[in-house]
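Take a look at the following structure, please.
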Amino acid sequence: MSATAPTATPDRTPDKTDERLLRTSPLRKLLGRPELGSVVGAVAVFIFFSFVADSFLRASSLSTVLYAASTLGIMAVPVALLMIGGEFDLSAGVLVTSSALVSSMFSYQMTANVWVGVFVSLLVTLAVGVFNGFMLTRTKLPSFIITLGTFLMLTGLNLGFTKLISGTVSTKSIADMEGFESAKKLFASQLTLGDVTLKVTILWWFVLVALATWILLRTRFGNWVFAVGGGADAARAVGVPVNRTKIGLYMGVAFAAWVSGQHLLFSFDVVQSGEGVGNELTYIIAAVIGGCLITGGYGSAIGSAVGAFIFGMTSKGIVYAEWNPDWFKFFLGAMLLLATLLNAWVRKRAEASK
Amino acid sequence: MARARTGVRALGAVLAAVLGASLAGCSSTGGKRAEDARKAQAAAGKSAVTTPRWTFAMVTHSGDGDTFWDIVQNGAEQAAVKDNINFLYSHNDEGQQQAQLVQAAIDKKVDGLIVSLAKPDAMKDVIVKAEKAGIPVITVNSGSEQSKAYGALTHIGQDETIAGEAVGDELDKRGKKKALCVLHEQGNVGHEQRCAGAKKAFGGRLQNLYVDGTNMPDVQASIEAKLQADPSIDSVVTLGAPFADAAVQARKTAESKAEVDTFDLNAKVATALTAGTLGFAVDQQPYLQGYEAVDLLWLYKYNADVLGGGRPVLTGPQIITKNDAAELQEYTERGTR
């Protein structure tokens, strides 16, 4: 159920037996946070790889891990919010590719300034988000079905349009066009400090996490998200605009997909139309490791960031540890399962101690 | 309702702004206009022969949106235009599904079949069926060992092990000591053969690295991690053209001096070869695989010609370096190299 208290008018003489009004110590509050378990999991994974892999603790290695986590984390934030709101988005992975393709092909075909393509891509991507949300609220079908449909349609459109317009399965390079350099600064630049290279996606990631946390905990929309995910009918009964909230959440996913898509385009300047399939699952995994409940109503944006960080550490840590690559996927799965189990165990202990 | 109307009006205003911006915000460099200006009018394809309009079907194991198979298809289509052939193309990366597509072509009573044998066991029965139905079969790309046994006329392709060995030799020639082989599809037999071939011929040490080919930033970060973990790596070999660029960026971030080399070509690889950011590329000439398959089927129907004498006809490996790249660039841009 929802973690936030309903907006009942506080009584002047509070009933001391009401558990919602009991004062809680800061430690208790910390133990009640949804991301606590994942933080413990992240620390465990970090310590593990510091011992197993020599090169893991180097600053340059950590910046690589952060980059891997950030490209995943940017998408995990809105996907976590959507899950708190009780819905899934299976089209998120391919939407990233669509967004990059639209931007690249519009600029190229119109011989327009690259920024025009970037802006058009934002509109198109948001429109897909609205489409998902609108179809969901109108048809009352499960989000699984709706976004599965969108996923397949986008996969086909990506390939079909790219082939139709460019004649090949990847886009043409737009690196020599006006506006490319400035757009690259915003979406794919990097800052070098000594031997450490920090990518701008890390900044985007942190900003999105901060923004999403503020929305969730400090705004009315955040309350609606928890309410909608906890019980849509109950939420509707107390006047929460359920449909608008869900459409808003899908637009959030679309916005992040646009950011990731532009990063993809401006860091590689050619986009392959078949990419992105399967990544939607990774985003969901990051959100779940970070403490989001698959059933909705519970979770946090910071948790999704920690989940993305665990995923980034594990997938790159295995490379730093130089384990036999034939077993890579097995190690990845086992580490994630262990991190999540630890996460669940810690959370249960925390809840029991209340 | 009023809100909806303002919403529509706002959307209209935004669209108008976009259209205005796209007209005003033109780029004076690059883009389609530049391409059109560059490209003289392409000669419209016309058939060069008056043989009956036969129908050939090509069924491959390509996934969706694969650059390599796109070029194979281009080659086949252009040969089909020249030979007055009605050309049908279909593909599926699951062996069983690919077999069903071949069956569909047999049902259609096509005059010739071109099949890739990435999963030979799944394809055996349908190929025998095609021959029983009197349809000549040519195998392309993978399956050079099975082709003759299954009764195909000819096999056109590259032996992946030989291609890998060519890479190993070239690395030796360049004095490399420690190489990395980046596989972007775990479990792909051809990929394993390439890396194994390179390992066999290479005098130094070669390690494999598996990356997730559908996620480019992840490919880059993984290569980066490997280069940081082992700074003594002096060459990185990617198995597909799009991954070469990711490797180049990973090298930059990891501040490694490793040379990046790749299998397959595309426009970006050609540019990078000319600029010297890539060492060499190994091409198996996919265009030739498609083109020759159609052309040889036509020769068989017209003149009962067979090429190869029961041995595979190799289209590669061709090692491409800085010297050849400039010439190939134009061809990569039009999607035939």
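The values are calculated or read from the model by the stated rules, or taken from the named source; none is laboratory data. These figures come from a predicted structure and were not determined experimentally. No Cβ is skipped: glycine too gets one built from the backbone with ideal geometry, and neighbour counts run over all protein chains shown. For accessibility, only protein heavy atoms count, side chains too; no ligands or nucleic acids. Shrake-Rupley method; radii C 1.70, N 1.55, O 1.52, S 1.80 Å.
With respect to residue B:214, determine if the residue is at the interface with another protein chain (Cβ under 10 Å from one of its Cβ atoms) and more than 19 Å from residue B:163 (Cβ to Cβ).
yes
Any idea which residue in the range A:143-164 is farthest from the other protein chains (Cβ to nearest Cβ), counting only those that are within 21 Å of the chain's Cα centre (by Cα) and in contact (Cβ under 8 Å) with a residue 24 or more places away in the chain?
A:143
Could you tell me which of the residues A:67, A:108 is in a helix (DSSP H, G or I), within 12 Å of another protein chain (Cβ to nearest Cβ), in contact with a helix residue (DSSP H, G or I) (Cβ under 6 Å, 6 or more places away or on another chain) and more than 15 Å from residue A:267 (Cβ to Cβ)?
A:108
Right, another one. What's the number of the condition residue A:169 fails, among (1) facing chain B (nearest Cβ under 7 Å); (2) within 13 Å of residue A:98 (Cβ to Cβ); (3) in contact with a helix residue (DSSP H, G or I) (Cβ under 6 Å, 6 or more places away or on another chain)?
That leaves (2) as the condition not met.
For the range B:217-233, does any single residue satisfy the condition of being more than 11 Å from every other protein chain (Cβ to nearest Cβ) and not β-branched (Val, Ile, Thr)?
Yes, some residue in the range B:217-233 is more than 11 Å from every other protein chain (Cβ to nearest Cβ) and not β-branched (Val, Ile, Thr).
Where residues in the range B:173-190 are out of contact with any Gly (no Cβ under 8 Å at 6 or more places or on another chain), away from chain A (no Cβ under 12 Å) and within 21 Å of residue B:251 (Cβ to Cβ), which of them is most open to solvent (accessible area, probe 1.4 Å)?
Once the filter is applied, the top-ranked residue is B:173.
Looking at the range A:325-333, is at least one residue more than 8 Å from chain B (Cβ to nearest Cβ), assigned to a helix (DSSP H, G or I) and at pLDDT 90 or above?
no
Residues in the range A:319-334: is at least one open to solvent by 20 Å² or more (accessible area, probe 1.4 Å), under 30 Å from residue A:27 (Cβ atoms) and not basic (Lys, Arg)?
Checked against the condition, which is being open to solvent by 20 Å² or more (accessible area, probe 1.4 Å), under 30 Å from residue A:27 (Cβ atoms) and not basic (Lys, Arg), the range A:319-334 yields no hits at all.
Ok, one more. Looking at (1) closer than 20 Å to residue B:78 by Cα; (2) surrounded by fewer than 23 Cβ atoms within 10 Å (Cβ to Cβ), which one does residue B:290 not meet, given that it meets all the others?
Here residue B:290 meets the rest and fails (2).
Do we have residue A:228 as surrounded by 16 or more Cβ atoms within 10 Å (Cβ to Cβ), touching a residue at least 12 places away in the same chain (Cβ under 8 Å) and β-branched (Val, Ile, Thr) here?
Here the answer is yes, as residue A:228 does meet what is asked.
Do we have any residue at all in the range A:294-303 that's in a helix (DSSP H, G or I), modelled with pLDDT of 90 or more and open to solvent by less than 30 Å² (accessible area, probe 1.4 Å)?
Scanning the range A:294-303, I find at least one residue that is in a helix (DSSP H, G or I), modelled with pLDDT of 90 or more and open to solvent by less than 30 Å² (accessible area, probe 1.4 Å), so the answer is yes.
Which residues, counting only those in the range B:48-66, are assigned to a loop (DSSP other than H, G, I, E, B), in contact with a Phe, Trp or Tyr (Cβ under 7 Å, 6 or more places away or on another chain) and within 14 Å of another protein chain (Cβ to nearest Cβ)?
B:62
Looking only at the range A:251-274, which residues are within 13 Å of chain B (Cβ to nearest Cβ) and either open to solvent by less than 20 Å² (accessible area, probe 1.4 Å) or free of Cβ contacts under 8 Å to residues at least 24 places away in the same chain (or both)?
Of everything in the range A:251-274, those that are within 13 Å of chain B (Cβ to nearest Cβ) and either open to solvent by less than 20 Å² (accessible area, probe 1.4 Å) or free of Cβ contacts under 8 Å to residues at least 24 places away in the same chain (or both) turn out to be A:259, A:260, A:261, A:262, A:263, A:264, A:265, A:266, A:267, A:268, A:271, A:273.
List the strands (runs of 3 or more DSSP E) that sit entirely inside the range B:67-167 and contain at least 2 residues that are open to solvent by 40 Å² or more (accessible area, probe 1.4 Å).
Hits in the range B:67-167: B:86-91.
Same structure, new question: Out of the range B:293-304, which residues are open to solvent by 60 Å² or more (accessible area, probe 1.4 Å) and charged (D, E, K, R)?
Result: B:301, single match.
Still on this structure, please answer the following. Can you find a residue that is under 11 Å from the mean Cα position of the chain (by Cα) and within 29 Å of residue A:174 (Cα to Cα) anywhere in the range A:286-306?
Taking every residue of the range A:286-306 in turn, none turns out to be under 11 Å from the mean Cα position of the chain (by Cα) and within 29 Å of residue A:174 (Cα to Cα).
Also: Out of all the residues in the range A:231-250, which are open to solvent by 50 Å² or more (accessible area, probe 1.4 Å), away from chain B (no Cβ under 14 Å) and free of Cβ contacts under 8 Å to residues at least 60 places away in the same chain?
Matches in the range A:231-250: A:233, A:234, A:236, A:237, A:239.
Pairs under 8 Å by beta carbon, first residue among the polar types (S, T, N, Q) in the range B:239-258, partner open to solvent by 30 Å² or more (accessible area, probe 1.4 Å), six or more apart or different chains?
B:253/A:190; B:256/B:231
Inspect the range B:308-321 for any residue being at pLDDT 90 or above, under 26 Å from residue B:82 (Cα atoms) and open to solvent by less than 20 Å² (accessible area, probe 1.4 Å) and give the result as yes or no.
Within the range B:308-321 (the criterion being at pLDDT 90 or above, under 26 Å from residue B:82 (Cα atoms) and open to solvent by less than 20 Å² (accessible area, probe 1.4 Å)), the answer is yes, since at least one residue qualifies.
Restrict the check to the range A:72-94 and report whether at least one residue is open to solvent by 10 Å² or more (accessible area, probe 1.4 Å) and within 11 Å of chain B (Cβ to nearest Cβ).
yes
Let's see how each residue does on (1) of a type outside the set (A, V, I, L, M); (2) closer than 21 Å to residue B:298 by Cα; (3) in contact (Cβ under 8 Å) with a residue 40 or more places away in the chain:
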{"position": "B:55", "(1), (2), (3)": "yes, yes, yes"}
{"position": "B:58", "(1), (2), (3)": "no, yes, yes"}
{"position": "B:61", "(1), (2), (3)": "yes, no, yes"}
{"position": "B:68", "(1), (2), (3)": "yes, no, yes"}
{"position": "B:75", "(1), (2), (3)": "yes, yes, yes"}
{"position": "B:94", "(1), (2), (3)": "yes, no, no"}
{"position": "B:98", "(1), (2), (3)": "yes, no, no"}
{"position": "B:113", "(1), (2), (3)": "no, yes, yes"}
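How many residues are more than 28 Å from residue A:196 (Cα to Cα) and touching a strand residue (DSSP E or B) at 6+ places or on another chain (Cβ under 9 Å) if we restrict to the range B:274-294?
Qualifying residue count, the range B:274-294: 13.
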